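The structure under discussion appears below in the form of structure tokens.
The values are calculated or read from the model by the stated rules, or taken from the named source; none is laboratory data. All of these numbers come straight from a predicted model, not from anything done at the bench. Neighbour counts are summed over all protein chains in view; Cβ atoms, including those assigned to glycine, are modelled from backbone coordinates with ideal geometry.
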Amino acid sequence: MVFDGEDGTSTEGASNAANASAQAHDEKGDVMPDIVPFGSGSLLPSRVERQTGRALERIRASQAVATAHEVAKVEVIQDVTEAALMATANVSAIEALLVARTPHAEGRLRTIADAGALGMAEVVMKARRSVS
């Protein structure tokens, strides 16, 4: 029997050699936990690492395309909405000018302006449905 001296327990000589070879030691000689290195340790990536890298790159590219597609949808809706808002503001301004000039035609002018505004609202809703 051999005593290792640290905790006072006895061990066999062969098992001490097996334990010592199974544990790694740092530069100070302290025992380090068994760490399994990732990869083959060479400078060139293994086949599995290359396949994994390509798969991750395909996923990232697919996500980028999906994001760009969604952003394009938002931009289309934004452009149509802004155009409709500007056109509605212009129609309303012209309506107000014409009502001030010809007050007796106010009802007819309002009906025409409202029909135009509703038509523009329909275009915005159609644009939203078409990009969804």
Flagged in region 42-53 as surrounded by fewer than 10 Cβ atoms within 10 Å (Cβ to Cβ) and either among the β-branched types (Val, Ile, Thr) or in a helix (DSSP H, G or I) (or both), in numbering order, are ARG47
Quickly run through region 97-132 and pick out the residues that are modelled with pLDDT under 95 and either outside any helix (DSSP H, G or I) or surrounded by 12 or more Cβ atoms within 10 Å (Cβ to Cβ) (or both). ALA127, ARG128, VAL131, SER132
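Being more than 18 Å from SER132 (Cα to Cα) and at pLDDT below 90 narrows it down to one of SER62, SER46, so name that one.
Values: SER62 fails: at pLDDT below 90.
Matching residue, one of SER62, SER46: SER46.
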